[in-house]
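These notes are about the structure you will find just below.
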Amino acid sequence: MLETLTRQTYKQFEVLVIEDGSKDDAEEIVKSFSGKLDVHYFKKHNEGQGFTRNFGFERAKGDYFVIFDSDCLIPENYLEVVNQHLQTNWLDAYGGPDDAHSSFTPVQKAISYSMTSPFTTGGIRGNKKGIGQFHPRSFNMGVSRKVWETVGGFIITRSGEDIEYSIRIHSAGFKIGLIPDAKVYHKRRTNFLQFYKQLHFFGRARINVYKFFPQELKWVHFFPALFSLGIAVTLILNVFYLPLGIAFDIIYVIFTLLIFFHGWLKNKTLKVAFLSVIAAFTQLIAYGLGFMQDFWKRVILKRS
């Protein structure tokens, strides 16, 4: 990511790299950019991403804080796009979309498609026509210093910390919005097993956010759980009552074809289209199972 920041057309920024307890630190790598960037390196004990971002906020000198994940590639006009947008249409906090870079592997492109597809996320990630209130995600997010000074930082360090933070910013009366052209290329996971584990955690994180803000649990968040339960019901019906099982089969076949052809249209390759189907099913099942797991434990059984 640091290499992509050296190419920014907007130059008035500093970079803070926060090492959150990593065994193999990046200090020497960061030092190699000292002549190209106004870069500052910090190393601290592991606390998770939310509290580590607070650590960065406390040390930043600017009036606006931009958060990236370390696996993002930043287009050269990104900061210029953000600066121009804020000059003409001020936002106290913003988020931007993510996409797959041409250098990504087919699996990474398929995962990127799945995470941004209207058939899997309902348009709630980086889409100006998304469902409900827009909540920036912390792989591509900015907040003003005034937000930090008024609202504070993250109060949970993992498991939906960015959504919780966005809701508090909204509740404090600040203006949050999407900057559609402030796009980053997000590498995400490199294989489907890692992707499954990540999305299972995301499903659990949604319940964590619910415990803070019950009103933020929308019908769209139940879709992956219903999708997963539907697969189980379909398998049972195919064994014990085939006519109804076939009807369910048709629904899933139609869904599969929609993902395949839409993924083909977006990525222009059959291989990525096929992998997009695997990614979509992995995402929905993993998220659905994680969601159901913590919904049962934390909502029904009321365990902490």
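Nothing in this text is a laboratory measurement; each read-out follows from the coordinates by a stated rule. Fair warning: this is a prediction, and the values are worked out from it, not measured in the lab. Heads up, the Cβs are rebuilt from the backbone with ideal geometry, glycines too, and the neighbour counts pull from every protein chain shown.
Within the stretch 79-117, the set of residues being crowded, with 17+ Cβ neighbours inside 10 Å, of a type in the set (Ser, Thr, Tyr) and closer than 28 Å to SER171 by Cβ comprises TYR94, THR116. Specify the residue that is surrounded by the most Cβ atoms within 10 Å (Cβ to Cβ); the eligible residues are those in the stretch 29-58 that are touching a residue at least 40 places away in the same chain (Cβ under 8 Å) and touching a Phe, Trp or Tyr at 6+ places or on another chain (Cβ under 7 Å). Checking each candidate, the answer is ARG53. The C-beta contact set for the stretch 202-230 (first residue touching a residue at least 40 places away in the same chain (Cβ under 8 Å), second residue assigned to a helix (DSSP H, G or I) and of a type in the set (Lys, Arg), distance under 7 angstrom, 6+ apart or interchain) comprises ILE207/ARG298; LYS211/ARG298; HIS221/ARG206.
Out of VAL277, VAL220, VAL209, one residue alone is over 30 Å from GLU164 (Cα atoms) and of a type in the set (A, V, I, L, M). It is VAL277. Across the stretch 74-107, the qualifying residues are those that are in contact with a Lys or Arg (Cβ under 6 Å, 6 or more places away or on another chain) and not small (Gly, Ala, Ser), and the one among them that is farthest from ALA182 (Cα to Cα) is PRO106.
Restricting the first member to the stretch 143-159 and to residues that are within 13 Å of GLY62 (Cβ to Cβ) and in contact (Cβ under 8 Å) with a residue 60 or more places away in the chain, and the second to residues that are assigned to a strand (DSSP E or B) and of a type outside the set (Asp, Glu), the beta-carbon pairs closer than 6 Å and six or more apart or on different chains are VAL143/PHE65; VAL143/ALA93; SER144/TYR64. For the stretch 65-113, taking the residues that are β-branched (Val, Ile, Thr) and in a helix (DSSP H, G or I), the one that is farthest from PHE195 (Cα to Cα) is identified as THR88. Note on the stretch 17-62: residues that are assigned to a loop (DSSP other than H, G, I, E, B), charged (D, E, K, R) and farther than 19 Å from MET1 by Cβ total 3.
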